[in-house]
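Each remark here refers to the structure printed beneath this line.
The values are calculated or read from the model by the stated rules, or taken from the named source; none is laboratory data. These figures come from a predicted structure and were not determined experimentally. With ideal geometry, Cβ positions are generated from the backbone for all residues, glycine too; neighbour counts draw on all protein chains shown. In case anyone asks, the SASA skips ligands and DNA or RNA and just uses the protein heavy atoms, side chains included. Shrake-Rupley method; radii C 1.70, N 1.55, O 1.52, S 1.80 Å.
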Amino acid sequence: MTTSTSSPSQPADAGRPGPVTTASAQGCTITDLHKSYGDVEVLKGISLNVEPGEVVCLIGPSGSGKSTLLRCINLLEEPNGGSITVAGFDATDPDVQIDAMRAQVGMVFQSFNLFPHMTALENCSIAQRRVRGRSKEEADAVSRTNLENVGLAHLADRYPDQLSGGQQQRVAIARALAMEPSLMLFDEPTSALDPETVGDVLGVMRQLAEAGMTMVVVTHEMGFARDVADRVVFMDGGVLVEEGPAQEVIGNPQHERTQSFLARVLHADGTLDG
Amino acid sequence: MSTAIRQRTSLSPRQRAKINRNVQYAILIAVVLIAGVLTDWGTVGEKFFNPAVIADQFPEVVTTALKNTIIYTALGFVLGLALGLLLALMKISPVAPYRWIATLYIEFFRGVPALLVFIAFGYAVPYAFGIRIDTYMTVMLALGIVESAYIAETLRAGLQAVPKGQYEAARSLGMSNSRAMITIVIPQAVRIILPPLTNEIIMMTKDSSLIYLLGLTASQYELAKFGREAISSPEAGLTPLVVAGAAYLVITVPLGILARKFESRTAKLSRE
């Protein structure tokens, strides 16, 4: 996409229902991934393949290494061993174009991490302009489309502190999508939210999954995992314990550790939601 | 009924606190009155607040002295801020030697009196290298170098106070390290450091007086030197120092108010 175009530019997916262009979805292959902090080995040889357009939910007790695994995929954590191929980049190659790679991999954080000195619109536009080299008009148009897709077009000029947690997280998703990533990573996106706003965020993620985005989601929302994920991966103690179709892993777990984890979280929840 | 009886017989905690406060007021008023009575107001008025001498100070105290104090402070601040930012970035750099150099520099210039640095740039450096440094350059170097050590620590604290998630979010969107710092981290750090940075400017305003050590021409006098020169005539008394002091307050008090404004704004931002 050229930046010098003078005609009022339309984002590639303007007017099209659904928030993303599915044609660009790409996968991710992780092989024998190791990660340690000092003497503590957090990931003990994880292998995982995510197909383009697939939705994979990572579940497991806290400290099981699922967030670390997710953060290794876009190199927020540097792996100690193994290999990761993501969106066509060899992430574990020391010469990888790290910024170009990250521009292809959307990341949504538990604590939103919106830029507090910028409006929702500016949050979505800043990286498009500084990384993708888009003009302000072009970037803002893409941002508005993405804010509209998460249902927040009317709050584009609000600052993050004027938005609820759920709204902030939806802006964060729009911000990541505005870069037109080929894969999205979600690190416990609803864990910091008030219960009544969780549904809005999950709704946006569901819509995104239906549009064909490749998604890797660390979550405690078992209902979401069961209904939306193509595959659920259960991790414990830095190893991948069990994986399989969502209904099977959650409805009929084979491994004893998966069973006791699910019994705990489902019991605490009372029941699975929708 | 029973409460009324108890109030008559013993004091409630609130009543006791009220009596305590009133006693303190009474003591304070007594001290002020005694000091007022004992003071020789005639002499004080003549030596400190002599209207004729005050009038003599104008307009030069403003057009020369106050102006020069502001110029010297501004020069020092510009260099101090530039050097301080460099040092702060070095101090948080992953490159260990940068951190060592920055730490050494900061510890040294925070640890030695500013007076020594002024003497060094006023006399020792020109002598040792056989060069001439003009007054404005001297004050800029001496003040800037000393203050950069303090400013560096202020900036470093500000940069580190920006949540790590902000940097991670920026990098995750594909921004380079320097782009993330410039676009995301530094603008937020500036909000955090404005109050302490304003306090640094107040300190610098006063430290600029150390230039009096060097030979200054009359047009280069700043407030402290100007006041010092003016009291050398016997009939002036100490009034010129009072005028100079008041002129410092004209700069520093508004800065203090500004710092408090920034502080309450920062507090509001972090609360939201």
For chain B, the Rg and Dmax computed from alpha carbons only, in angstrom: 26.1, 92
With every protein chain present, what accessible area does A:H255 have (1.4 Å probe, heavy atoms only), rounded to the nearest 10 Å²? 70
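Taking the Cβ of B:F118 as the centre, find all other residues whose Cβ is under 15 Å away and add up their charges (Lys, Arg: +1; Asp, Glu: -1). Present the calculation step by step, with values, prior to reporting the outcome.
Numbers: positive: B:K206, B:K225; negative: B:D134, B:E147, B:D207, B:E222.
Combined, the nearby Lys, Arg, Asp and Glu give -2.
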Per-pair calculated FRET efficiency, R0 = 30 Å: A:E210 and A:H154 via Cβ, rounded to 0.05: 0.80
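Just need the relative contact order of chain B here, percent rounded to a whole number, with Cα pairs under 8 Å and 6+ apart.
Values: 266 pairs, mean separation 71.1, N = 272.
Dividing the mean separation by the residue count of chain B yields 26 percent.
For region B:53-271, what number of Lys pairs, 8 or more residues apart or on separate chains, have alpha-carbon atoms under 20 Å from each other?
Numbers: B:K67/B:K206; B:K67/B:K225; B:K91/B:K164; B:K206/B:K225.
Lysine pairs, 8 or more places apart or on different chains, close enough: 4.
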How big is Rg to Rh over region A:46-114, alpha-carbon atoms, Rh as the Kirkwood inverse-mean-distance radius? 0.94
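Cβ under 13 Å from A:G27's Cβ, A:G27 left aside: what net charge do those residues give with Lys, Arg +1 and Asp, Glu -1? All intermediate terms of the calculation are to be shown ahead of the outcome.
Details: positive: A:R231; negative: A:E51, A:E54, A:D230.
That works out to -2.
Ignore the peptide's own chain and count Cβ atoms of other chains within 10 Å of each Cβ in A:97-106; give me the average, rounded. Walk me through the numbers before you get to the answer.
Numbers: counts 1, 4, 8, 1, 1, 7, 4, 1, 3, 2.
If you average over the peptide's residues, the count of other-chain Cβ atoms is 3.
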Simple Cβ-charge dipole of the protein assembly as shown, Lys/Arg +1 and Asp/Glu -1, about Cα centre, in debye nearest 20: 2200
What percentage of all Cα-Cα pairs in the protein assembly as shown are separated by more than 31 Å? 63
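Assuming R0 = 30 Å, what is the FRET efficiency of B:V44 and B:L86, from their Cβ-Cβ distance, to the nearest 0.05?
On the way: r = 49 Å, r/R0 = 1.65.
Plugging the Cβ-Cβ distance into 1/(1 + (r/R0)^6) gives 0.05.
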Helix runs (DSSP H) in chain B reaching 18 Å along axis by Cα, Kyte-Doolittle at least -1.0: B:13-38, B:67-91, B:96-111, B:135-161, B:186-207, B:239-271
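Give me the net charge of B:E147's neighbourhood, meaning all other residues with Cβ under 12 Å from the Cβ of B:E147; Lys, Arg count +1, Asp, Glu -1.
Values: positive: B:R110, B:K206; negative: B:E153, B:E200, B:D207.
Neighbour charge sum, excluding B:E147 itself: -1.
So, R0 is 56 Å and r is the distance between the beta-carbons of B:R21 and A:E196; what FRET efficiency does that work out to, to 0.05?
On the way: r = 49 Å, r/R0 = 0.87.
Efficiency at R0 = 56 Å is approximately 0.70.
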So how far apart, in nm, are the two label points at B:I34 and B:F58 if each is 7 Å from Cα heading toward Cβ? 3.9
